[in-house]
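Nothing in this text is a laboratory measurement; each read-out follows from the coordinates by a stated rule. Bear in mind that the values here come from a model prediction, so they are computed numbers and not experimental data. Ideal geometry is used to build each Cβ from the backbone, glycine not excepted, and the neighbour counts take in all protein chains shown.
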Amino acid sequence: MEFKKLGLDPQLQAQADMLCGDDRRLARVSAVDRGRYVIRNENGELPATLTGKFLHFAESSVDMPCVGDWVCVQYHDAESSASIHDVVPRRSFLRRKSPGKNIDFQMIAANIDAAFIVQSCHFDFNVRRLERYLVMVNEGQIEPVLLLTKTDLVSADELEHMFGSIRAAGITARIIALSNMTGDGVDQVREVMEAGKTYCLLGSSGVGKTTLINQLLGQDALETGAVSGTGEGRHTTTRRHLITLDNDALLIDMPGMRELGILSAGEGVDDSFADIKSLSSQCRFSDCSHNNEPGCAIRKAIDKGELNAAHYQSFLKLKAESDFNEMSYMDKRKKDKAFGKMIRTVLKDKKR
């Protein structure tokens, strides 16, 4: 397969040429599973490992390769395996706060053109969670497309109400309603996807992501779980994997996400709540806190019913979460650097 069909564009090619040089070759990471890597080149897929030098100079989890990354590699054993030396700078990315109490980034995927944010109409629909996904997508410079699945399980009025709730939250992204049972809407998803472009599916477990991929592939290539009595699917995807469709579009399948922590996503919050940002610029005072100040455009819009109060509260919550986690992350990085400096000093003293 040509690299162009694998998603390589002129910008990435130019950066790869400078980084890889004449000694190493280019490949794309197609799967990551517990620290094990699979890369894809013109001839197919093969396993790859990180070099000791790469691990030594990687300062944080952000530096580690993820699905969709372009990497400089060196082949071994008649090109049956490879070692990864460098990661080509990403033009887009998906990341979140690591699950649990650890304040760190978790890289999810990279070099994505559009993200399909999937929610089930029947049990999973939640505008506040949708806003979280949009912050993640917008922060990584990725175009969002919303997919509402399992439309066969709700009425036309219920579906229209969901559309209205999304638009009332100031969300302007394209929405596609579909049913994996009837096939309605699947062709619209297929029409969005272009050859050589990379897409991903984001959503909770059981919303129909794997079934949709099988619909797009035209075969049951991926295992799906049985549907429960409530219409909720069961989690099946266990690792992130880059898949090529018949029209040469690329799709990253990934496990459902239970936690969507926001870390250092200030721009993503502003982009996802552009309506609030626009209104705040109309306040009488530039440092307006939007509480009791006279001439506050935010409070005026809420009082007149022009701005959804829950939407505004979600903005405040996500912004506060992002700022708090970023502060904690920076403190952690300072402590890690100080500890590393101490270790290096001790080692130098022992050598003397």
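A few comments on the model shown:
- Placing pseudo-labels 7 Å out from each Cα toward the beta carbon at LEU316 and GLN188 gives an inter-label distance of 3.5 nm.
- Comparing ASP187, ASP113, ASP23 in a Gaussian network model of the chain (Cα springs below 10 Å), the most mobile by mean-square fluctuation is ASP23.
- Sequence of ASP86, ASP152, ASP287 once ranked by neighbouring C-beta atoms within 10 Å, starting from the fewest: ASP287, ASP152, ASP86
- LYS5/LEU217 FRET efficiency (R0 22 Å; Cβ-Cβ; nearest 0.05): 0.85
- Of the DSSP H helices in the chain, those whose Cα atoms cover at least 30 Å axially and whose Kyte score averages -0.5 or more: none
- Taking 0.36 nm per residue of separation and subtracting the current Cα-Cα distance, fully stretching the chain between ASP104 and MET181 would add 23.8 nm.
- Linear extension gain, ASP77 paired with ASN291, 0.36 nm per residue minus alpha-carbon span: 70.4 nm
- Ordering of 48-60, 93-105 by packing [mean C-beta count within 10 Å, highest first]: 93-105, 48-60
- Any cysteine of the chain lacking a neighbouring Cys Cβ under 4.7 Å - listed by number: CYS66, CYS121, CYS200, CYS296
- For peptides 72-78, 136-142, sequence by mean Cβ density within 10 Å, most packed first: 136-142, 72-78
- In this structure, the residue pairs whose Cα-Cα separation is over 27 Å, taken from LYS150/LYS304; LYS5/LYS209; LYS97/LYS300; LYS97/LYS317, are LYS150/LYS304; LYS97/LYS300.
- Sequence of ARG132, ARG167, ARG24 once ranked by neighbouring C-beta atoms within 10 Å, starting from the fewest: ARG167, ARG24, ARG132
- Reduced Cα scattering model of the chain, Debye log10 I(q)/I(0), q = 0.07, 0.13 Å⁻¹: -0.36, -1.09
- Sorted ascending by nearby beta carbons within 10 Å, beginning with the fewest, ARG240, ARG284 become ARG284, ARG240.
- Contour minus Cα-Cα distance for VAL62 and PHE163 (0.36 nm per residue): 32.8 nm
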